[in-house]
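Below are the structure tokens for one structure; questions will follow.
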Amino acid sequence: VLASLPRQDRHKPKSGPVRPSKVSRKRAYVLIGVHVAIGLHFLHWGVTGQTITPVEPSEAMQTLELGRVNAGFLLFVTLIASTLVFGRWFCGWGCHLVALQDLCAWMLGKIGLKPRPVRSRLLVLAPFVVAFYMFAWPQVADLIFSRPPRPEWEMHLFTNDLWQTFPKWIMAPVSVLLLGFLIVWWLGAKGFCTHGCPYGAVFAITDRFAPMRIKVTDACDACGHCTTACSSNVRVHEEVAKHGMIVDPGCMKCFDCVSVCPKEALYFGAAVPKPFAVSQQRIQARADFTWPEEIALAGIAVWAAQFAFREVWFGEHVPFLLSVGLGVLTAVFALLGWRLVSRSAVTFQHTVLKADGRFTRAGRFGVLGVGLWLLFAVHTCVGKTWRGMAIEAATEPLSAVLLKRGTMPREQVDAAVAKAPAALASVDGALAWDLVDDPDLLTLRGLLLFVLGRHVEAEAALWVALGDREGLSEPTANVVLAQYCMDRTRQRYEDARRLLQYTVRVHGNQVAASLLEQLQARPK
Ligand code: SF4
Ligand code: SF4
């Protein structure tokens, strides 16, 4: 018997091939409609300049942290209330990430890759930990650290900048590649829902209390077609046999199981919920990993999510949930790598990687791929740590010269400036380590050169940091660059105006506003 990464083998249906689901096409149309609605939202913003705040549950964090009641918060509350009645329906019918995962699973299926779920007792808790961290921890931390009270609650239903709380565009293809294809291929068809999504965790908890459930009649003959059709890995035939209904909170009410049942034995109806029943999926998962492996998986996932991938790459900053997905992937890769090294036989996702102590051809690619990924994760972690140290080293000299000049004694300013060469060396080191130049580090480099009076290099560095963007993320850097442009030897007044307008608009910077006034008062 080949050792393998744990997985749930697909239930083999007893009575012939499973008929196609009649609901899946309808659900695909609904999910396409969701994306059309998202597109129309952006179009409305583009045409009118103002629109409704993002209709996205993650916006609820703004409400909890800043007291701003926005459209996303109202949506989230509404969805939780409806889940309490109808169960976890939104994931299957309204979530763009489920649409992405379903699409990727379908496309992988077309090239012969049928992902199997990887099962863990601890990694499946990740969504609940993330949900606590996002929605409950800010309140708990307020109490523990006696923070000052939040601002009063205020309505924030309209915005002039729809993109303000979203990551930059580059994260879209990165998310499709990593949260779509890679996670689906390696962790199963609902890999991100199972191992990373905090909204799914909230819906899963409320689903347990919902009175509307998928139930079964006496016509069921335990053929297992329903389980085979379920892309959420619910063991439908076992659950209905045991409980008379589906109790697994992973069920997204897609109704594929209802549609494929040859006996028409499944239906959606009222039932007395069993909130504390353990799903068959969890019961089957109990023997998947040993406890030391579980603990190692959890530790590596936390390390990779928090200390390697969070807020890295391109200066665009990997968003938190993407870093959670990458953390879980890294943990599974690490375990696979360990098994490839330590076991004489390993199979993963239908593929034999090692047998009788010898690597197969696929196994050699597997070792290479896993090794490269782990190297990449360690490299990213080192780069992130170095970046943090460089930013810290640069803070004192930059703050003394750019923000506090005139308010600090001369000796303190001189002492801070004396630290600028070391800070510059640290920034240069971090930039040399990065695979792709981080615009924030390039900006710091330009500002440190400015502090050191190396103006020609400073100006060149800031232009490199700016690239083809409208302005830099650091307002003082825009002001410094605008001042270079306004110099009599440069006379790049249009560039200066553009930079200052950006800084006033995005950062509300007063220095930029007064420079802009000077620029506009300048005789033609
Ligand atoms: S519910 Fe239908 S598809 Fe599922 S095991 Fe019973 S008869 Fe088969
Ligand atoms: S159990 Fe049925 S309704 Fe629930 S996710 Fe699976 S196929 Fe869809």
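Rule-based calculations on the coordinates, nothing more; no lab input. Note that the structure is a prediction, hence the values are computed from the model and not measured. All Cβ positions, glycine included, derive from the backbone under ideal geometry; neighbour counts span all protein chains shown.
Please report, ordered by residue number, every helix of the chain (full DSSP H runs) that is 30 Å or longer along its axis going by C-alpha atoms and whose mean Kyte-Doolittle hydropathy reaches -0.5.
23-48, 320-342, 361-398
Can you figure out the FRET efficiency of K114 with T395, using R₀ = 51 Å and their beta-carbon distance, to the nearest 0.05?
Efficiency computed from Cβ-Cβ geometry: 0.50.
Right, something else. Restricting things to Cα coordinates, could you compute the convex hull volume per residue of segment 65-169 in Å³?
Given the Cα convex hull of segment 65-169, per-residue volume reads 186 Å³.
Tell me, what are the semi-axes, in whole angstrom and largest first, of the equivalent ellipsoid of segment 36-93 as set by the roots of 5 times the Cα gyration tensor eigenvalues?
The answer is 23, 17, 7 Å, longest axis first.
Additional query: Given the peptides 366-372, 294-300, arrange them by the average over their residues of other C-beta atoms within 10 Å, most packed first.
294-300, 366-372
Could you pull out the pairs from K110/K168; K22/K274; K114/K190; K384/K419; K215/K263; K26/K215 whose alpha carbons sit more than 19 Å apart here?
K110/K168; K22/K274; K384/K419; K26/K215
Per residue, what volume in Å³ does the convex hull of the Cα atoms of segment 255-360 enclose?
Per residue, the Cα convex hull of segment 255-360 comes to 223 Å³.
Can you give the extra length, in nm with one decimal, that the chain gains between A355 and D218 once fully stretched, where that is 0.36 nm per residue apart less the Cα-Cα distance?
44.8 nm
If you keep only loop residues by DSSP, which trypsin sites (Lys or Arg not before Pro) in segment 355-427 have at most 14 other Cβ atoms within 10 Å of their Cβ?
K404, R405
Here's something else I'd like to know. Direction-averaged shadow area of the convex hull around the Cα atoms of segment 470-524, nm²?
Approximately 3.3 nm², given one-decimal rounding.
Quick check: pseudo-label points 7 Å beyond the Cα along Cα→Cβ at T385 and T165, how many nm apart are they?
It works out to 3.4 nm between the two label points.
How would you order 118-125, 222-229 from highest to lowest mean count of nearby Cβ atoms within 10 Å?
222-229, 118-125
Can you give me the Kirkwood hydrodynamic radius for segment 416-477, using every pair of distinct Cα atoms, in Å to one decimal?
Averaging 1/r across every pair of different Cα atoms and inverting gives 11.7 Å.
May I pose another question? To make sure I understand, if each residue's beta carbon is the centre and we count other beta carbons within 10 Å, what order do Y267, Y502, Y199 fall in, fewest to most?
Ascending number of Cβ neighbours within 10 Å: Y267, Y502, Y199.
Mind grabbing the base-10 log of I(q)/I(0) for segment 219-302 at q = 0.19, 0.22, 0.26 Å⁻¹? Debye formula, identical points on the C-alpha positions, no solvent, two decimal places.
Log10 I(q)/I(0), no solvent term: -0.84, -1.03, -1.31.
Shifting gears a bit: Among L79, P115, L64, flag the residue with its Cα farthest along the positive direction of the charge dipole of segment 62-127, charges on Cβ as +1 for Lys/Arg and -1 for Asp/Glu.
P115
For segment 163-247, take the alpha-carbon Rg, divide it by the Kirkwood Rh, and send me Rg/Rh.
On the Cα set of segment 163-247, Rg over Rh gives 1.11.
Would you report the distance distribution of C-alpha pairs in the chain as whole percents per 20 angstrom bin, up to the bin with the largest distance?
All Cα pairs considered, the percentages come to 18, 46, 27, 8, 0.
Now for a different question. Separation of segment 114-155 and segment 428-493 by C-alpha centroid, Å?
37 Å
Would you please name the GluC sites (Glu not before Pro) within segment 448-524 that are DSSP coil residues with at most 15 other C-beta atoms within 10 Å of their C-beta?
E470
Now, a different point. Would you please name the chymotrypsin sites (Phe, Trp or Tyr not before Pro) within segment 116-197 that are DSSP coil residues with at most 12 other C-beta atoms within 10 Å of their C-beta?
Taking segment 116-197 and a limit of 12 other Cβ atoms within 10 Å, the loop chymotrypsin sites (Phe, Trp or Tyr not before Pro) found are F145, W153, W163, W169.
Going by how many other Cβ atoms sit within 10 Å of their own, how do D434, D161 line up, fewest first?
Ordered from fewest to most neighbouring Cβ atoms within 10 Å, D434, D161 come out as D161, D434.
So what is the 222 nm mean residue ellipticity for the chain from helices alone, if each DSSP H run of at least 4 adds -39500 (n - 2.57) and you divide by all residues, rounding to the nearest 500 deg cm²/dmol?
It comes out at -17000 deg cm²/dmol, rounded to the nearest 500.
If you don't mind, there's one more thing I want to ask. Give me the net charge of L449's neighbourhood, meaning all other residues with Cβ under 11 Å from the Cβ of L449; Lys, Arg count +1, Asp, Glu -1.
It works out to a net charge of -1.
So if R0 is 22 Å, what FRET efficiency would S82 and A37 give, r being the distance between their Cβ atoms, rounded to the nearest 0.05?
Given R0 = 22 Å and the Cβ-Cβ separation, E is 0.80.
Still on this structure, please answer the following. In Å and on Cα atoms, what radius of gyration and Dmax does segment 325-421 show?
Over segment 325-421's Cα set, Rg and Dmax evaluate to 24.3, 74 Å.
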